[in-house]
1. Taking the Cβ of residue 30 as the centre, find all other residues whose Cβ is under 12 Å away and add up their charges (Lys, Arg: +1; Asp, Glu: -1).
2. Give the residue from 364, 377, 397 lying farthest towards the positive end of the charge dipole for the stretch 351-408; charges sit on Cβ (+1 for Lys and Arg, -1 for Asp and Glu) and the dipole is referred to the Cα centre.
3. Multiply the residue gap between residue 376 and residue 36 by 0.36 nm, knock off their C-alpha separation, and tell me the result in nm, one decimal place.
4. For the stretch 256-376, with all protein chains present and a 1.4 Å probe, just round the carbon and sulfur fraction of the accessible area to a whole percent.
5. State the extension gain, in nm to one decimal, for the chain segment bounded by residue 179 and residue 302, taking 0.36 nm per residue of separation less the distance between their alpha-carbons.
6. Stokes-Einstein diffusion coefficient for the stretch 308-349 at 20 °C in a medium of 1.002 mPa s, Rh from the Kirkwood formula over Cα pairs: what value in µm²/s?
7. By how many nm would the segment from residue 124 to residue 25 lengthen if fully extended, with 0.36 nm per residue of separation less the alpha-carbon distance?
8. Taking one equal scatterer on every alpha-carbon of the stretch 3-156, how large is log10 of I(q)/I(0) by Debye at q = 0.09, 0.13 1/Å?
Amino acid sequence: MADRVTVIGWDGSPLTAAARSALSAATLVAGAAHHLALPEVPPGAERVRLGSVGLAARRIAGHRGTAVVLADGDPGFFGVVRTLRAPEHGLEVEVVPAVSSVAAAFARAGMPWDDARVVVAHQRTLRRAVNVCRAHPKVAVLTSPGAGPAELALLLDGVHRTFVVCEELGTVREQVSVLTSDKAADHTWRDPNVVLVVGGAGGTGASAAPWLMGHDPAAGTLRGWAGPAEEEYGSEGRPGVGQDPTLRAVQLARLGPRPGDLVWDVGSAGGAFAVEAARFGAAVIAVDADPAARARTEAAARRDGVLLQTVTGRAPHVLESLPEPDVVRIGAGGVPVVTACADRRPERIAAHATTRDEAEAIGSALADGGYAVETRLLQTVGLDPADWTERERSVVFLLTGRRTTGAP
């Protein structure tokens, strides 16, 4: 095992005295090509190109001597320190940090970043990173080859954002470009780069003086979940059975929307479910055939300070052009919409029915689509607290489909 491992962050500025001292004593130096070309690297030290950090960690663990790992920015912030400290390598490290690339990017843009989300995008996580950009007004994306500004822009189709693309920060080739997201796909970008995705700020949900790192989707005007739709979300008149707050609460619990998810709300009506799913930090596309429903949903989103996308059109046909969902709530459309949604293979689907025959048909459609089906009969009775008389009653079948392992 290496006698000592020092991880040095580099942001393009001259190395500190501590960093130079550690490098001068190194018998092994690991880093990217531009790190290994630094004049402070001892000519007699073994040099390891830092491609796979896991492979490099094994080389370092087997090295007898003093090892130094060079990394861009703060190596403890989405960096190599996590891998080097993994139990299987048994390495104890000292860290000499530098300014992180995220902090540097926001500094170049002249923007605060205590209210920003930070995500890492590579080919496996790109879609989830894009969903965070859909759901939040300020996101820093640490990109990788094949998951850069152009790919982000293509997957954000239909959602307007401003991109601040920071290429090769801290080097003589540093360049900062500001453009709209629809233009980013037309460029070839140099690696490494950081993309700040900004825009679409919600209404009253954003705090002028944040106290918690990252945008807080639950910091809007409402407290609690699944309140009466006609009071909190502006539904006109008495809401239909699909808008019952108890049904909505159970649907949210079964679907479990979370950051990185894309939620379809098909038949969004007044936007009650769509807004509450967005409050969990998920990206939401609210679909309804009624243009008035779209207006109500957008008004509810502004009022509670969340971001979501609305689409006017009749399902199932309108769903064909939408990006892949993680969870789906179906408020209207019956079996044809259930079948179309199951064909897109989300993890979970929630639907409801008002009759047993309709519930059986929806359950069969979910099962045929490769989903394990849970069915519940929900009955809620609203009472007048003055004399405990019944004010309203709702009886509905709730059906939830969970995609089974190995399903096509």
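1. Working: positive: 47, 49, 58, 59; negative: 46.
Net local charge, residue 30 excluded: +3.
2. Going by the charge dipole, the pick is 364.
3. Fully extending the segment from residue 376 to residue 36 adds 116.2 nm.
4. Ligands and nucleic acids excluded, carbon and sulfur reach 50 percent.
5. Going from the current span to full extension adds 41.8 nm.
6. Rounded, D is 201 µm²/s.
7. Full extension of this stretch gives 31.8 nm more.
8. -0.33, -0.66
The values are calculated or read from the model by the stated rules, or taken from the named source; none is laboratory data. All figures in this text were calculated on a predicted structure; none of them were measured in a lab. Note: ideal-geometry Cβ built from the backbone for every residue, glycine included; neighbour counts use all protein chains shown. What goes into the accessible areas is simple: the full protein's heavy atoms, side chains included, and nothing from ligands, DNA or RNA. Shrake-Rupley method; radii C 1.70, N 1.55, O 1.52, S 1.80 Å.
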